[in-house]
Amino acid sequence: MLWDERYAGKLSMNTEMDASILIAALLTGVADPFNATDDEIARIRAKLEAQRPLLRFYWSDRPNWSRPSPPARWWPRSPGRRFAAT
């Protein structure tokens, strides 16, 4: 689906290696993406470059490691949300 031209302009892809590169590696038949050969890396890159025109945007969910997370506290009156930042 992520390379299906019928969905061009309606797709997005994560920029993180554990998503985009590993998916492309599996689709190109790379047995061990973490120890890919130069030829396998070239195939992965070509697969991702073929996908680029189909995507509306890339996104990332990487947290900002430079700032500490706010402390969480129990929020007893909210059944759908157990923790809230203070």
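General remarks:
- Filter pass, residue 37 being at pLDDT 90 or above and surrounded by 11 or more Cβ atoms within 10 Å (Cβ to Cβ): no
- Taking region 36-49 as the range and being of a type outside the set (Lys, Arg), under 13 Å from residue 21 (Cα atoms) and outside any loop (DSSP other than H, G, I, E, B) as the test, the residues that pass are 40, 41, 42, 44, 46, 48, 49.
- Odd one out for residue 14 among (1) among the polar types (S, T, N, Q); (2) surrounded by 13 or more Cβ atoms within 10 Å (Cβ to Cβ); (3) at pLDDT 85 or above: (3)
The values are calculated or read from the model by the stated rules, or taken from the named source; none is laboratory data. Treat the numbers as computed from the prediction; the structure is a model and nothing was measured. Cβ sites come from the backbone with ideal geometry, for glycine too, and all protein chains shown count toward neighbours.
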